[in-house]
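The structure under discussion appears below in the form of structure tokens.
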Amino acid sequence: QVQLVESGGGLVQPGGSLRLSCAASGTIFSISTMGWYRQAPGKERELVATITGGVSPNYTDSVKGRFTISRDNAKNTVFLQMNSLKPEDTAVYYCNAYTILRTAYWGQGTQVTVFS
């Protein structure tokens, strides 16, 4: 079992920045890929960014050049630095961990709201 706890969401004006954190615990040795997904009201959950050891991070096109995913293996934490935020980035952001046993785990979600 893997437990994920997100933090760092909040309210920000367009053009602002936020940094999300996700701390993993439990059977962390089994985690291969960690990532961030988001779900806006009335929309399906979508991939934002993923990171796997030894592989370049993967980003959805709409956040390329603005968001950066990173991973601190010593602290079992994954981060999402979000810059130049836009109103369309407003969503609940979920941390995801995918294990070598092909099991996906999710955090509880953290709200990001970008408003003028």
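Pop a pseudo-label 7 angstrom from the Cα along the beta-carbon direction at both Val55 and Leu101 and give the gap in nm to one decimal.
2.1
What relative contact order, as a whole-number percentage, does the chain give when Cα pairs under 8 Å and 6 or more residues apart are counted? If you can, show how the numbers build up before the last one.
On the way: 280 pairs, mean separation 43.1, N = 116.
Value for the chain: 37 percent.
Around Gly109, what is the net charge, scoring Lys/Arg as +1 and Asp/Glu as -1 over all other residues with Cβ under 11 Å from its Cβ? Let's see the in-between values first.
Working: positive: Arg38, Arg45; negative: Glu6.
Combined, the nearby Lys, Arg, Asp and Glu give +1.
Just to confirm my numbers, what's the Cα centroid distance between the range 1-68 and the range 73-116 in Å?
3
Tell me, in nm to one decimal, what length is gained between Thr113 and Lys86 on full extension, where the rule is 0.36 nm per residue of separation less the Cα-Cα distance? Kindly include the intermediate steps, with their values, before the conclusion.
On the way: separation 27, 0.36 × 27 = 9.72 nm, distance 0.92 nm.
Gain in length upon complete extension: 8.8 nm.
Could you work out what % of the accessible surface of the chain is carbon and sulfur, using a 1.4 angstrom probe and leaving DNA, RNA and ligands out of the count? Don't jump to the answer; show the numbers that get you there.
Working: 3180 of 6190 Å².
Of the solvent-accessible surface of the chain, carbon and sulfur hold 51 percent.
At what distance in nm do the modelled label points of Thr27 and Ala74 sit from each other, each positioned 7 Å from its Cα along Cα→Cβ?
Distance between the two pseudo-spin positions: 2.8 nm.
Kindly report the accessible area of the chain per residue (heavy atoms of protein chains, probe 1.4 Å, no ligands, DNA or RNA), in Å². Each step should come with its number before you reach the end.
Values: 6190 Å² over 116 residues.
Ligands and nucleic acids excluded, the figure is 53 Å² per residue.
When ranked by the protection proxy of mean other Cβ atoms within 10 Å per residue, highest first, what sequence do the peptides 32-45, 82-95, 100-113 form?
On the way: 32-45: 15.9, 82-95: 18.5, 100-113: 14.4.
Most protected by this proxy first, the peptides run 82-95, 32-45, 100-113.
The values are calculated or read from the model by the stated rules, or taken from the named source; none is laboratory data. Small disclaimer: the values here were computed from a predicted structure and weren't measured. Neighbour counts are summed over all protein chains in view; Cβ atoms, including those assigned to glycine, are modelled from backbone coordinates with ideal geometry. Surface accessibility is based on the protein's heavy atoms, side chains included, excluding ligands, DNA and RNA. Shrake-Rupley method; radii C 1.70, N 1.55, O 1.52, S 1.80 Å.
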